[in-house]
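Notes to accompany the following structure.
Throughout, read-outs are computed from the coordinates displayed, never taken from laboratory work. All values reported here derive from a predicted model rather than from experimental measurement. Cβ placement follows ideal geometry from the backbone for every residue including glycine, while neighbour counts extend to all protein chains displayed.
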Amino acid sequence: MADDRPENQPSGGLLGMLLSPLRAPQRVFGDVESIARALLALQHDIGERLASIDLNAQRLASGLGDLQAPLDRIDHTTAELPKLKRAITERMDAQREDLKTLQQLEQAVTDRMDTIRDELHTRMLAVEQDLRVMHTPIEQISRDVAQIVELLPDPSTGPLARLKDTLSSS
């Protein structure tokens, strides 16, 4: 406060006290003026920042508009999911039933094949047994036929040859 008074005025006293209220408006005016300058600068900064916010908000709104179509597709797909799940479940149940039927058929075929195999095995054992039984008589017949062939006269000479010549010349 001592700097606010002119240099040629004496300090203190009654006059300083009386002039003090007159100096207060000048100080207030200076303070108001610096506040006003600060407010103008702040207003300018706020204006720039608001413009930036407006630009970003426009970009965001534009981006949100671009997202609307995919969001609609997602909503549509989400709404279709229960139907799709139901259809898949029904299809899987039908395939499960088909699989049960195929397994039953496979078991029936396997059982039938086992029965046929057992029957064939039993019959083959019987045929093998019959062949063993017949083996000795067949060998005996084979030996008998060989002896008969040895006992037969030579067909190129004798009565058979004459008969052959007689029948073939006519």
(message) What distance in nm lies between label points placed 7 Å from Cα along the C-beta direction at Thr122 and Met17?
(response) 14.4
(request) Among Leu131, Met113, Gln147, flag the residue with its Cα farthest along the positive direction of the charge dipole of region 22-149, charges on Cβ as +1 for Lys/Arg and -1 for Asp/Glu. (result) Met113
(request) Calculate how steeply helix 13-151 sits against the longest principal axis of the alpha-carbon atoms of the chain, using the helix alpha-carbon long axis, and give the answer as 0 to 90 degrees to the nearest 10. (result) 0
(message) For a bin width of 5 Å, list the pair-distance distribution of region 80-158 built from all Cα-Cα distances, rounded to whole %.
(response) 3, 11, 7, 8, 7, 7, 6, 6, 6, 5, 5, 4, 4, 4, 3, 3, 3, 2, 1, 1, 0, 0
(request) Compare the Cα positions of Leu64, Gly30, Ser52 along the charge dipole of region 22-149 (+1 at Cβ of Lys, Arg; -1 at Cβ of Asp, Glu; about the Cα centre) and return the one farthest towards the positive end. (result) Gly30
(message) If you fit an axis through the alpha-carbon atoms of helix 159-169 and take the longest principal axis of the Cα set of the chain, what angle between them do you get, 0 to 90°, nearest 10?
(response) 70
(request) Please report the base-10 log of the normalised intensity I(q)/I(0) for the chain, using a Debye sum with one equal scatterer per alpha carbon and no solvent, at each q in 0.11, 0.13, 0.17 (1/Å). (result) -0.96, -1.04, -1.17
(message) Checking the cross-link filter: which aspartates and glutamates have an alpha carbon closer than 14 Å to that of Lys85, excluding same-chain neighbours under 8 positions apart?
(response) Asp93
(message) Run the reach check for Lys100 against aspartates and glutamates, Cα to Cα strictly under 20 Å, same-chain hits fewer than 8 apart removed. What comes back?
(response) Glu90, Asp111
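Go ahead and estimate [θ] at 222 nm for the chain from helices alone: -39,500 (n - 2.57) per DSSP H run with n ≥ 4, summed, over the residue count, rounded to 500.
Numbers: 2 runs with 150 residues, N = 170.
Calculated mean residue ellipticity at 222 nm is -33500 deg cm²/dmol.
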(request) Taking the Cα centre of the chain as origin, work out the dipole magnitude from +1 charges on Lys and Arg Cβ and -1 charges on Asp and Glu Cβ, in debye rounded to 20. (result) 440
